[in-house]
Amino acid sequence: MSNKKNKVKFNIKNVHYALNADTETGYGKPIPIPGAVSVSFEAKGELSPFYADGIVYYVASSNGGYEGELEMALIPDQFRMDVLGEEKDSNNVLVENTNAQTKSFAIGFDIDGDERSTRFWFLNCTATRPSTESSTTEDKKEPTTDKISLTCAPDADGNVRTKTTEDTAKEVYTAWYDAVYLPVKAQEGGTVS
């Protein structure tokens, strides 16, 4: 256990994605995406009050996952092919087709803290296509960025997100981008799978 705790957060880095493999392991091997600029996720869900005896007797809270936006210096062609369904033709020209099916994936990243980074995996994500933007260069060069909208829905087990803590085991923290981290379930008899 660590006595050090983050007091602030800043800076996104180490963005990775992993395709949903629809297998027992859940996701394919994570692939890095360099050039992270920003990320924002808004929690989706609602409170549903139940009234009895003239008061709010019970309140149910739903978890609908997250919706957000990822801003990158440039969305790489590999992501466009793997997730958005774009394809290269025989001349290596990337083609976007309206009939292409997008694929679900997990997205992981670090958010720096004053002690160490907190690492995340958002599960069961879908993405929109980025817009195409640019402008003329004037006195100074200011790069434009790519933004994609993301929806992260609960998976079949109800899991939406995993996140490291200051007590996360070193071997789990170090191997975070070797594979998408999925919750460890206790089996009958108290053993862990």
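The values are calculated or read from the model by the stated rules, or taken from the named source; none is laboratory data. Since the model is a prediction, treat every value here as computed from it, not as a measurement. Note that we place each Cβ from the backbone using ideal geometry, even for glycine, and neighbour counts take in every protein chain shown. To get the accessible areas, we keep the full protein, side chains included, count just its heavy atoms, and leave off ligands, DNA and RNA. Shrake-Rupley method; radii C 1.70, N 1.55, O 1.52, S 1.80 Å.
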Under the Karplus relation 6.51 cos²θ - 1.76 cosθ + 1.60, θ = phi - 60°, what is the ordered set of whole-Hz ³J(HN,Hα) values for segment 101-106, x standing for Gly and Pro?
9, 7, 10, 7, 7, 10
Rounded FRET efficiency, nearest 0.05, which uses the C-beta distance separating Asp157 from Ala43 and R0 of 22 Å:
0.75
Given R₀ = 35 Å, what would the calculated FRET efficiency be for Val59 paired with Glu166, taking r from the Cβ atoms and rounding to 0.05?
0.70
When the Karplus curve 6.51 cos²θ - 1.76 cosθ + 1.60 is applied with θ = phi - 60°, which whole-Hz ³J(HN,Hα) does each residue of segment 69-75 get, with x for Gly and Pro?
9, 10, 10, 10, 4, 7, 6
Which value in deg cm²/dmol, rounded to the nearest 500, describes the helix-derived mean residue ellipticity at 222 nm for the chain, given -39,500 (n - 2.57) per DSSP H run of n ≥ 4 and division by the residue count?
-1000 deg cm²/dmol
Give the carbon-plus-sulfur fraction of the accessible surface of the chain in %, rounded to a whole number; probe 1.4 Å, heavy atoms of protein chains only.
48 percent
Viscosity 0.890 mPa s, temperature 25 °C: Stokes-Einstein D of segment 95-181 from its Kirkwood Cα radius, in µm² per second?
152 µm²/s
Near-label residues of segment 62-93 by backbone N, under 15 Å of a point 7 Å along Cα→Cβ of Lys147:
67-75
Can you compute the charge dipole magnitude of the chain about its Cα centre, using +1 on each Lys and Arg Cβ and -1 on each Asp and Glu Cβ, nothing else charged? Give it in debye, rounded to the nearest 20.
520 debye
Within the set Lys44/Lys163; Lys88/Lys185; Lys147/Lys170, which residue pairs have Cα atoms separated by over 29 Å?
Lys88/Lys185; Lys147/Lys170
Along the principal axes of its C-alpha atoms, what lengths does segment 52-125 span, in descending order and rounded to whole Å?
71, 41, 16
If each Cα of the chain is one equal point scatterer, what is log10 of I(q)/I(0) from the Debye formula at q = 0.09, 0.11, 0.12, 0.20 Å⁻¹?
-0.44, -0.64, -0.74, -1.47
Pulled fully out, how much extra length does the chain show between Asp22 and Lys140, if you take 0.36 nm times their separation in residues and subtract their Cα-Cα distance?
37.8 nm
Using only the Cα atoms of segment 10-74, what are the Rg and Dmax in Å?
19.0, 57
